[in-house]
Amino acid sequence: MLIFLYAPIILLVVYSFSASRIPGQWGGFTSEWYVKLFEDPRIQRTIGVSIRVALVSTVISTMLGTMSALALERFKFRGKRVFDALLYLPIIIPDVTMAVMMLMFFTQAFDLLNLVFGIGLSKGFATIVVSHIAFNIAYVSVVVRARVAGMDATLEQAASDLYASRWQAFRYVTLPLIAPGVLGGALLAITLSLDDVVVTQFVAGPGSTTLPVYVFSLIRKGVTPTINAVSVIMLVASLILVAGSVGLQRASAARGRQQLRTTGGK
Amino acid sequence: MSVGEAELQRDRAERRRGLFLALPSFVYMILFFALPLVIVLVYSFATRTSSGSTSLSNWNLDAYRKLGEPIVRNVVVRSIVLAVITTAICLVVAYPFAWFCAHQRPNVRNLLLVAVMIPFWTNFLVRNYAWRILLSTGGPLSSLTERIGIGETNLLFTKTAVVIGLVYAFLPFMILPLYASIDRIDGRLIEAGRDLYGSGSQTFRRIVLPLTMPGVIAGSILVFVPSMGAYVTPELLGGGKETLLGSYIVTQFLTARNWPVGASMSFVLMAVMLVSTIIYFRAGGKNL
């Protein structure tokens, strides 16, 4: 089972150092393709777009997702059930449907803006970011909610009994306690943003495309050793993110145990 | 002011705070998610004009009637068949592995589960691309089978390649819920079955399988739904030869410019997803 899961990934890394021009055939060791890759201006540009899209969409969706998680777990408000359902949909909706939705929405919105205000907008960086936030809020909120639900609500009450303002109670009690959940949500958001091909392909403009969409279009034209090298770079990037989230879980579990010990267990 | 009134006021203030916290995301999700969804729904009832644009003046079900045409019907049937095969293979492969995991010491068990999850977190496109290299003509798998004397294998751009890619991509979705339900079986029930002279297969069929049914259903849905809507895997490993629903929808938008048909098929896909989700929650999937 583990061989089935890991062999393809390991072989990909091995073959990315093969000197043969045909990807998947061994022709001696070379790092030529990695050098080529870093000289290719289109790959450099799309890597830049990918990183900027991932960062902007992660920061915004982490803030919005955390706020929704707190609202849903800690408060009652009008429209709560609708909001809750609305936040589940992006998780279960198929990629292709989400892509179609965003494409039609932006086309309609741009037509309307052009008609009413005469503003000519086109798809590009902003539309990619808006779409990524639209699916990431939901994922961040699920991760943070799990953390908030596991947190003792009386701690906040204790803080306000000790004359802490609402903001102080949040800043010094709630936020540190839910921080691992918020970070976990942010890591998931970055991963999903860097992973997405289908939605981005629909909302990207001719000038700005992310690395996965560009690589996808290259593969469809035909595989080259350079694509092997790019894939390995993407693989390493995602593995660093996994290591980050596994490390995070370990650290927060360890801190939890320590807290239990210092408070004598509860 | 009475105590009750003060409480009521505090309650109202709390509700305002909650709404205030939720409002930015609420507005965002309505504008950039719910509204797009409604637009797709409206367009699925529209008509494509001869010039390739879309007319909204005449609402009808024509786009959905396309389902009855042989070409579209074949696409839908093919997608369902491939998704069912993928789900069945995942189930058969994952069940023994999940069983094995559940019967290890806690340390080993956690390590195995993390090992299953890591490839799942790595880039989806790269995972599919790896199989493209692995299955290519004269590639690693082909030279391996040649060396052991089975002869060359040319799997790339076949249905088999697509199924391999889908199984590889969604296997963790099957393993995890199965593991969760197997882990919860009370071992004494199996012992009782054996004590009552149940054979191995009888004990499995009459005790273990019914008890792990929620895991089987949850895992099957978690694999079936994304397989049904897959786009990247069939494009890369199937070479776009056998059109599946996902690719068909994309083509309607990016090349054929038939938005009503693309929109209606997106809704067919969503209907599959919604029905499956309802079954999932009915089967107690939320507890997994």
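The values are calculated or read from the model by the stated rules, or taken from the named source; none is laboratory data. Note that the structure is predicted; figures quoted are calculated from it, not measured. Because the Cβ atoms are built from the backbone with ideal geometry, glycine has one as well, and the counts that use them run over all protein chains shown. Surface accessibility is based on the protein's heavy atoms, side chains included, excluding ligands, DNA and RNA. Shrake-Rupley method; radii C 1.70, N 1.55, O 1.52, S 1.80 Å.
Tabulated data for the structure shown
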| quantity | calculated |
| --- | --- |
| Residue match in the range B:72-89 (condition: within 13 Å of chain A (Cβ to nearest Cβ), open to solvent by 20 Å² or more (accessible area, probe 1.4 Å) and either modelled with pLDDT of 90 or more or in a helix (DSSP H, G or I) (or both)) | yes |
| Tally, over the range A:22-58, of residues that are β-branched (Val, Ile, Thr), closer than 27 Å to residue A:143 by Cβ and touching a residue at least 12 places away in the same chain (Cβ under 8 Å) | 5 |
| From the options A:127, A:107, residue that is within 22 Å of residue A:196 (Cα to Cα) and either without any contact (Cβ under 8 Å) to a residue 24 or more places away in the chain or among the charged types (D, E, K, R) (or both) | A:107 |
| Some residue of the range A:182-204 being touching a Gly at 6+ places or on another chain (Cβ under 6 Å), open to solvent by less than 30 Å² (accessible area, probe 1.4 Å), more than 9 Å from chain B (Cβ to nearest Cβ) and not in a helix (DSSP H, G or I) | no |
| Of the criteria (1) open to solvent by 60 Å² or more (accessible area, probe 1.4 Å); (2) within 26 Å of residue B:135 (Cβ to Cβ), which one residue A:51 fails | (2) |
| Residue count for the range B:175-200, restricted to those that are at pLDDT 85 or above, among the small types (Gly, Ala, Ser) and closer than 20 Å to residue B:94 by Cα | 2 |
| Subset of the range B:143-185 [over 21 Å from the mean Cα position of the chain (by Cα) and within 14 Å of residue B:218 (Cβ to Cβ)] | B:182, B:183, B:184 |
| Residue satisfying condition, being under 30 Å from residue B:250 (Cβ atoms) and either more than 26 Å from the chain's Cα centre (by Cα) or not in a strand (DSSP E or B) (or both), within set B:45, B:26 | B:45 |
| Odd one out for residue A:34 among (1) within 14 Å of chain B (Cβ to nearest Cβ); (2) surrounded by fewer than 19 Cβ atoms within 10 Å (Cβ to Cβ); (3) aromatic (Phe, Trp, Tyr) | (1) |
| Subset of the range A:1-21 that is touching a residue at least 12 places away in the same chain (Cβ under 8 Å) and not in a helix (DSSP H, G or I) - its residue that is most open to solvent (accessible area, probe 1.4 Å) | A:21 |
| Complete set of residues in the range A:16-26 that are within 26 Å of residue A:201 (Cβ to Cβ) and either over 30 Å from the mean Cα position of the chain (by Cα) or modelled with pLDDT under 85 (or both) | A:23, A:24 |
| Test: residue in the range A:165-172 that is open to solvent by less than 50 Å² (accessible area, probe 1.4 Å) and not small (Gly, Ala, Ser) | no |
| Residues that are away from every other protein chain (no Cβ under 13 Å) and either open to solvent by less than 40 Å² (accessible area, probe 1.4 Å) or under 14 Å from residue A:1 (Cα atoms) (or both), drawn from the range B:155-175 | B:162, B:163, B:166 |
| Residues (more than 9 Å from residue A:144 (Cα to Cα), more than 7 Å from chain B (Cβ to nearest Cβ) and of a type in the set (A, V, I, L, M, F, W, C)) located in the range A:55-71 | A:55, A:56, A:59, A:60, A:63 |
| Filtered residues of the range A:217-229 (kept if in a helix (DSSP H, G or I) and in contact with a Phe, Trp or Tyr (Cβ under 9 Å, 6 or more places away or on another chain)) | A:219, A:225, A:226, A:227, A:228, A:229 |
| Residue in the range A:235-253 that is most open to solvent (accessible area, probe 1.4 Å), counting only those that are at the interface with chain B (Cβ under 8 Å from one of its Cβ atoms) and under 17 Å from residue A:16 (Cβ atoms) | A:239 |
| Only listed residue being more than 10 Å from every other protein chain (Cβ to nearest Cβ) and either surrounded by fewer than 13 Cβ atoms within 10 Å (Cβ to Cβ) or in contact with an Asp or Glu (Cβ under 8 Å, 6 or more places away or on another chain) (or both), chosen from A:144, A:116 | A:116 |
| Meets criteria (on the phi < 0 side of the Ramachandran plot, in contact with a Leu (Cβ under 6 Å, 6 or more places away or on another chain) and either away from chain A (no Cβ under 13 Å) or not in a helix (DSSP H, G or I) (or both)) for residue B:145 | no |
| Residue tally, condition more than 7 Å from every other protein chain (Cβ to nearest Cβ) and of a type outside the set (Val, Ile, Thr), over the range B:25-40 | 1 |
